[in-house]
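The block underneath contains the structure these notes are about, expressed in structure tokens.
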């Protein structure tokens, strides 16, 4: 244990080409900075010429500054060609939630947040409808109504971007938000927009997945939490789960039963994202959970 | 209880347009024939104008003959426009298993059969390779090698049909049989050919589903047991199951892990089919399990 | 289909010794009353001398009265020694929810109720703490605070009974209510009190199941919804579910993760109970879901 | 990447009191020995004064010898008070399987072994019955029949120990072996004997768990793979899984359905053990899977 009585906790996330010496370099660096590794996960797609991913949680003396640590680490990062980021665990991300009319995913997130299960700030909830205003405000959160009319989608989206910037948002969760975002919007939050799709992707891409699932006669229904990219329902998958159904379920029954899988899958994905446990790699994720 | 000391068990399966009086007619018929209902399941897609499905298991005095019961029931069947069949539980179906080189599904079926878990006879196992002959023969079963050469598929299939007819086969299980069957073959065993597809259909239709699942970065892999129709991987689904995976799984790891889901899902579907628990309805199944 | 344009839906639940003719008698009765069977489930522990259970959902002409149907059915009930009840689907049960401080199970029930997923009225929520008053009242429901002091438990319980009677309550849900009820209380609501125990019973009976699960090093944690009897945690089980955990989970992590399984399992059990899908038989349940 | 063209793969497993510098020391050691870390997992019960666990897979130049690496690592081990072991991945453990009459767990292991899924040698299968001899021998493995008579249990066990030593066995799997082992036997294979218990422990400890599960009316049945200790069914749990059941399942149905969970859970536990992925810690396991 470090002699320092006061410590701060930080996380270091690394992606780089794999080669010998990375773990040694990182652990030597942390040791020199009197930091103590609390948890460490790593994954290599292929030890010979593949990609290397690492997540280290460490405590460091609080008289030290995170900015100084970052500066000091730059040399290691350059040496190994790393993409890396170092964040303070206490410095919460700022998350906006987008909803339409269905409230189950929203409520699951708000309830977990209130209970201290989600390590994040929620400066704003945005909706294209007014209907969930009182729910959101009852949790002491700001609700922002941005109607989305067909012929004025661009303006609505521009307004949303302004709200997000005004609140310094760095992660957006689409909690059953029934609008497709423009490529410009998606690009301004790369791998920072999480959507919940109400099917076990890649089955039933697009609209009305429960109706399609009903028509296909599947015996399990699912939900998929994924990062949003330009390709609809094709972004990197963070989490999926399923639920057993049978011939007695109508399309509407599937929709109702599916809510449970949707809200739990989305909440897990959000938890991992805000705790910096997800690394994106091509169109896939490495989840250190 | 009927006074008869010796009884036989039979199953009655019914599909017909729903209307009042069906259950009464069936139960009155059975009561008049001194049969005792052991189990009964029914399902209606819509009580007003939908389809009605029923499965009744009953015991009847063994001095009575099943043929006579069938004849007597015809009147009820006509009255309600039923598709129906009545089978003796003791009269096992005759099942052929088709395999290529992978043995996990075959072994699961053979082992359950040997243990008395599958209520079926297995007169023959057919393969396009010789490699599983000794395995099959060690279970005391007949193995039939029918090579499938590209330019002689029709002849091979014709040979297979002859083998099936010679063994009075009424159900065919494709236990990872890597050949596509012709429409003629499929038509001669309508809803009597069960295939195991190594994905959670309709995701990853076609060849190499594990490779596709790996590339898509899914967090669950699955397997689907379904009846074979002319549309590849589009037939009525009998059973599906999934298994959690993560970024550490290579495509090959998925293939290996997936075997467990494949064999268990297929074995369940076969068990339900041979126990007359599956009714097909359009492109879906009603499974009374 | 009956000619009646206006119909009402009812449910008939039956338990009796098994013997031939029951299904015929019930279906003949319903047919004579111009009722149309919408759904029917039955189960027999043993066709020779066992117990028989049946649940029938039927539509009947609304000019007919349910009271008249009940009177008419009495003869059938007597003939077969049935325990039976006949209820109108539209006549909702009246459910009280008891809570302490944890709100996850309460919120799941309130949210499903608001969304029309639970076919029940909730005239009152009772708690031994004030803390959830505003939550309950925000759903437009009555909140009743009954403090439970150690030396005055009897009085508190008496007060609770009065509240329940004043609100004509016929089902009580203990949604993480951390008080043990007296035998007198339990007896006055036989098989009408549903509790959620935060373990996979019969593992970890009694207090602190998550701590015990942590100490035992289990790889799955669970929850059990059951009817309350005099034997603590020993009543008939309605529903159970589990969640995978690993060595990284602290006892507190188990407690947090377990909430999801608790709330979902309890909500399912409540749904089945209020829809008259659960029959109690000795210390077990038959669930027709 | 190391310049060496020929490499060998090894695993290092470490348990020790947590303190700063462990990861650095291990990674520096491996770097100096020109070894390349392929995979690394670590877990700390508490970064301040808890226990630290680590599993490192690494490749090293094959002109180097594992014995030399072990000698060199001793210094690090002493410095941090480590329990550690270093094994060659290519040096397979030697596993004996004990069975009685039920074959499902045995067959699952033999089949996975034959398919190259289990990285282990199986020099001998021991049974107190003759019935599975031909099965075992058909896999080309040695079968050893040691009858266990009530009054001669000690002699039988002594004979078993001799067989194990004669075959240099270092892991014993009880694949539904229905005999209790003596403390002396257990002590001679500490945390090297894996048992499959046919319940979700700690529920239904002892004999006849499926009968007990049936009588309790549970809605899920399970299986538990654990290390054997002197306390029956109380050893460290490696893996557990469950299966949904309902009121239609008889005690015998539970037994039959349970076989699937038993064999899959045991096979997973064995796979992890032989790949050195399991560390025992008090009465718990850390599984780096």
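General remarks:
- Counting DSSP beta bridges with both ends in segment A:93-287, the antiparallel % (nearest 5): 50
- Label separation (residue B:51 vs residue D:178): 4.6 nm, computed from points 7 Å beyond Cα along the C-beta direction.
- Considering only beta bridges that DSSP places wholly inside the protein assembly as shown, some 70 percent are antiparallel.
- Counting only Cα atoms, the protein assembly as shown measures 89, 71, 68 Å along its principal axes, largest extent leading.
- In plain terms, the residue of C:58, D:73 with the fewest other Cβ atoms within 10 Å comes first and the most crowded comes last, giving D:73, C:58.
- Label-to-label distance, nm, for residues given as residue D:232 and residue C:115 (7 Å Cα→Cβ offset): 4.7
- Normalised by the number of residues in segment B:32-137, the average gap of Cα pairs under 8 Å and 6 or more apart makes the relative contact order 20 percent.
- Sorted shortest first, the separations between the residue C:147 label point and its copies elsewhere in the assembly read 5.2, 7.5, 9.1 nm; each point sits 7 Å from Cα along the Cα-to-Cβ line.
- When Rg and the Kirkwood radius Rh are both evaluated on Cα atoms of segment C:5-55, their ratio Rg/Rh stands at 1.03.
- Alpha carbon Rg of segment A:20-83, scaled by the compact-globule rule 2.2 N^0.38 Å: 1.16
- For segment D:138-243, the pair-distance distribution built from all alpha carbon pairs, in bins 10 Å wide starting at 0, is 13, 41, 31, 14, 1 percent.
- Sorting D:111, B:84 from the fewest to the most surrounding beta carbons within 10 angstrom yields B:84, D:111.
- Over chain C: Rg over Rh, Cα atoms, Kirkwood Rh: 1.01
- In the assembly of identical copies, residue C:6 has its label point, taken 7 Å from Cα in the direction of the beta carbon, separated from the corresponding points by 5.9, 7.7, 9.4 nm (ascending, one decimal).
- Chain lengthening between residue D:168 and residue D:246 when straightened (0.36 nm per residue, less Cα-Cα): 23.5 nm
- Contour excess over end-to-end distance, with Cα ends at residue B:283 and residue B:90 and 0.36 nm allotted per residue: 66.5 nm
- The long axis of helix B:104-114 is offset from the longest Cα principal axis of chain B by roughly 40 degrees.
- Label 7 Å beyond Cα on the Cβ vector: residue B:231 copy-to-copy distances, nm: 2.4, 5.3, 5.8
- Stretching residue D:155 away from residue D:139 to a fully extended chain increases their span by 2.9 nm, per 0.36 nm per residue minus the current alpha-carbon distance.
- Contact order, relative form, for chain A: 15 percent (alpha carbon pairs under 8 Å, 6 or more residues apart, mean separation divided by residue count).
- Kirkwood Rh in Å, taken over segment C:72-157 so that all alpha-carbon pairs contribute: 15.5
- Relative contact order of segment A:7-88, pairs being alpha-carbon contacts under 8 Å that are 6 or more residues apart, as %: 47
- Counting, for every residue in C:239-245, the Cβ atoms of other protein chains within 10 Å of its Cβ and taking the mean gives 4.
- Centre separation in Å (Cα based) which lies between segment B:9-88 and segment A:25-95: 70
- Rotation relating C and D, chain D residue nearest the axis via C-beta, angstrom: D:203, 2
- Normalised radius of gyration (Cα atoms, divided by 2.2 N^0.38 Å) for segment C:200-289: 1.14.
- Separation between Cα centres of segment D:234-289 and segment A:182-212, rounded to whole Å: 36
- The residues C:275, D:241, C:170, when put in order of fewest to most other Cβ atoms within 10 Å, stand as C:170, C:275, D:241.
Read-outs: derived from the displayed coordinates by stated rules, not from any lab. Computed from a predicted structure; not experimentally measured. Cβ: placed from backbone, ideal geometry, glycine included. Neighbour counts: every protein chain shown.
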